[in-house]
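These notes concern the structure reproduced below.
The values are calculated or read from the model by the stated rules, or taken from the named source; none is laboratory data. None of these values were measured; they are calculated from a predicted model. Note that each Cβ is placed from the backbone with ideal geometry, even for glycine, and that neighbours are counted across all protein chains shown. Ligands, DNA and RNA are excluded from the accessible area calculation, which covers all protein heavy atoms including side chains. Shrake-Rupley method; radii C 1.70, N 1.55, O 1.52, S 1.80 Å.
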Amino acid sequence: MEEIQVSQEEMRAYLLAYQGLTSLKPLADEVVIVDFIKKVGCIQYDPLNMVGRNPDLMLQSRFSNYDPVILEHLLYGKQKLIDGWDKMMSIYSVEDWPFFQRLRASKVREMEGILAYRQSLEAIQYVDEVKMFIESHGPASPLKLDLGNAKNGRWGHGKLSSAAMDYMWNAGTLSVKEKKTPRKYTI
């Protein structure tokens, strides 16, 4: 294989272009955004909104005319993207879902430890009840289902329904249908 010499300046220019950080910003549309996320693998998803949510700020810096409605539609309307775990809370292509099976299995063990620490391990007993509730009532937030309060632990979920749904989301048995503030409505 022939060795290629690349200067630091050429490498800098390449990396900026690859990450979409040049002054030439393409117009944002669903196809362009999905293609970009597939190219970079994932983008971090922090749902807190201080001056804008992290994925929106990141996409806004790379695409002209970006509107957060596009990302919401790709996530919860068309479901071409998914928010899940990839080293951290992330947004990635639905096509990559099967590749995260080992991570989801690891998250199950992690969640069991977290729920035990928070004195909410009994929430796992309600998984089947949560599934039946969602099957009969459609997408739901933990507020729609009363399974009782979690024990006053060190910190964590106040309701067992919230703990159970969080466990199920981490396990991959529930997905997010929509988010209103940081609250998830799952299916």
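Take Tyr76 and tell me if it is over 27 Å from Thr173 (Cβ atoms) and either open to solvent by less than 80 Å² (accessible area, probe 1.4 Å) or part of a loop (DSSP other than H, G, I, E, B) (or both). Working first, answer last.
Working: over 27 Å from Thr173 (Cβ atoms): no; either open to solvent by less than 80 Å² (accessible area, probe 1.4 Å) or part of a loop (DSSP other than H, G, I, E, B) (or both): yes.
Answer is no for this residue.
Here's a check for you: in the stretch 26-46, which residue that is open to solvent by less than 30 Å² (accessible area, probe 1.4 Å) and touching a residue at least 40 places away in the same chain (Cβ under 8 Å) is nearest to the chain's Cα centre (by Cα)?
Tyr45
Only one of these conditions is not met by Asp67: (1) out of contact with any strand residue (DSSP E or B) (no Cβ under 9 Å at 6 or more places or on another chain); (2) crowded, with 17+ Cβ neighbours inside 10 Å; (3) acidic (Asp, Glu). Which number is it?
Going through the list (1) out of contact with any strand residue (DSSP E or B) (no Cβ under 9 Å at 6 or more places or on another chain); (2) crowded, with 17+ Cβ neighbours inside 10 Å; (3) acidic (Asp, Glu), Asp67 breaks only (2).
Can you name the number of the only condition in (1) small (Gly, Ala, Ser); (2) touching a strand residue (DSSP E or B) at 6+ places or on another chain (Cβ under 9 Å); (3) more than 30 Å from Ile33 (Cα to Cα) that Ser93 fails?
Unmet for Ser93, out of (1) small (Gly, Ala, Ser); (2) touching a strand residue (DSSP E or B) at 6+ places or on another chain (Cβ under 9 Å); (3) more than 30 Å from Ile33 (Cα to Cα): (3).
If you go through the stretch 129-143 one residue at a time, how many are open to solvent by less than 30 Å² (accessible area, probe 1.4 Å) and either aromatic (Phe, Trp, Tyr) or at negative phi (or both)? Give the steps one after another, and end with the answer.
Taking the stretch 129-143 first, the residues open to solvent by less than 30 Å² (accessible area, probe 1.4 Å) are 130, 134, 138, 140-142.
Right, trim to either aromatic (Phe, Trp, Tyr) or at negative phi (or both) and you get 130, 134, 140-142.
Number satisfying all stated conditions: 5.
Among the candidates Ser7, Ser23, single out the residue that is more than 25 Å from Ala140 (Cα to Cα), modelled with pLDDT under 90 and open to solvent by 50 Å² or more (accessible area, probe 1.4 Å).
After applying the criteria, what remains is Ser23.
Scan the stretch 8-22 and report the pairs whose first residue is closer than 22 Å to Leu59 by Cβ and whose second residue is of a type in the set (D, E, K, R) and surrounded by 10 or more Cβ atoms within 10 Å (Cβ to Cβ), with Cβ atoms within less than 7 Å and a gap of 6+ or a chain change.
The qualifying pairs are Gly20/Arg62; Leu21/Arg62.
Within the stretch 80-128, which residues are in a helix (DSSP H, G or I), open to solvent by less than 80 Å² (accessible area, probe 1.4 Å) and not hydrophobic (A, V, I, L, M, F, W, C)?
Asp96, Arg104, Ser106, Lys107, Glu112, Gly113, Glu122, Tyr126 - these are the residues of the stretch 80-128 that are in a helix (DSSP H, G or I), open to solvent by less than 80 Å² (accessible area, probe 1.4 Å) and not hydrophobic (A, V, I, L, M, F, W, C).
Give the residue, chosen from Arg118, Arg102, that is within 17 Å of the chain's Cα centre (by Cα) and of a type in the set (D, E, K, R).
When all the criteria are applied, what remains is Arg102.
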